[in-house]
1. Which links in K123/K274; K254/K275; K71/K275; K123/K254 stretch past 25 Å when you go from one Cα to the other?
2. Which value, in Å³ per residue, describes the convex hull spanned by the Cα atoms of region 177-268?
3. Over all distinct alpha-carbon pairs, what is the Kirkwood Rh of region 20-290 in angstrom?
4. Considering only F86, V98, Q69, whose Cα is most displaced toward the positive end of the charge dipole of region 49-145, charges sitting on Cβ of Lys, Arg (+1) and Asp, Glu (-1)?
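Rule-based calculations on the coordinates, nothing more; no lab input. This one's a predicted model, so the numbers in the text were calculated from it and none came from an experiment. With ideal geometry, Cβ positions are generated from the backbone for all residues, glycine too; neighbour counts draw on all protein chains shown.
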Amino acid sequence: MDPLTKAQESRRPWTGRTRGGYFGNWLFIRVLRLLGLRAAYLLLLPVSFYFLFFAPEAFKASSDYLRRQFKCGALRRFYYSYLHFFCFGQVLLDRIAVGDDPSRFRVAEEGYSHITAAAAAGKGLVLLGAHAGGWEAAVSLLGGKNITVNVVRFEGEAENVRRLLQRSVKTSNIRVIGVSGSPGDSLALVEALGRGEVVAMHGDRTLGGRTAKLPFLGGEAAFPLWPYAVAAAAGAPLIHTFAARTGAYAYSLKAWPPVLPALEGTGAEKEPLKKYAAHFALHLEAFLAENPLQWFNFYPFWESHG
């Protein structure tokens with residue numbers, strides 16, 4: 001790792017690495033494949049309890065989020081944190097199961113026509129989600145439409161774990177574009193949009209670029225402006241979308257109408273992209289109000305914890 005990358009990671013509270021290591025991920029994948037999804041869920045019961053005591057940073061971040069969401073005391077937050085970790089594990093297992101057999105998943109949808117219409121227009125499409133719920137449900141729907149989807153993934157994973165997770169997901173029209181937080185990351189995304197393809201990104205984690213500090217769940221948090229800059233550079237529409245897990249093999253997808261981010265602003269508008277991030281933060285708050293345990297940013301997200 002070069003000195004610049006080390007410096008960037010030292011300033012970023014989130015590292016992009018999957019918890020559990022190679023063996024833990026391998027074990028869950030084997031149980032899922034041999035015994036089924038519900039058996040893998042059962043294995044999560046003791047693992048979720050383990051994380052309460054042996055993942056202090058993740059537990060602290062979970063407790064802080066739950067305090068903001070539920071306005072409850074420490075004892076109840078402890079119980080909710082257990083459910084929080086368990087729900088996170090379920091979504092991670094669903095990610096593998098979607099890759100194995102997307103047809104088994106039932107996805108109720110609201111606004112999905114916004115996605116298909118924008119994708120069919122041939123101008124490219126930025127599909128902006130968050131580490132909340134399971135965006136793979138939306139991607140699995142697009143898989144049946146023969147639409148090429150480029151999934152943006154931060155390359156912070158340990159190499160052996162990354163290869164294991166890539167092998168575990170069987171995809172045809174889904175490509176992964178690895179990013180590192182460097183200025184050159186945008187080029188591949190703009191090229192994909194120029195080909196009329198879909199680029200699936202997250203709008204709730206920063207990678208060292210420009211950010212906007214916005215009100216979010218009673219505090220102030222930094223949201224990236226990079227997704228809107230990429231869409232504006234390519235002249236592509238951008239759609240906010242979240243998919244809530246509603247049960248085993250079941251999700252509910254919501255998509256908002258597309259916007260066309262623009263880099264030009266008036267003299268009074270010093271940061272023209274900030275308004276798009278503000279709308280995203282509002283949509284994310286609304287999603288979490290309905291699905292409070294489906295927020296999966298286990299690091300210090302807010303500017304302060306007061």
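1. K71/K275
2. So the per-residue Cα hull volume is 157 Å³.
3. It works out to 19.6 Å.
4. Checking the options against the dipole of region 49-145, the answer is Q69.
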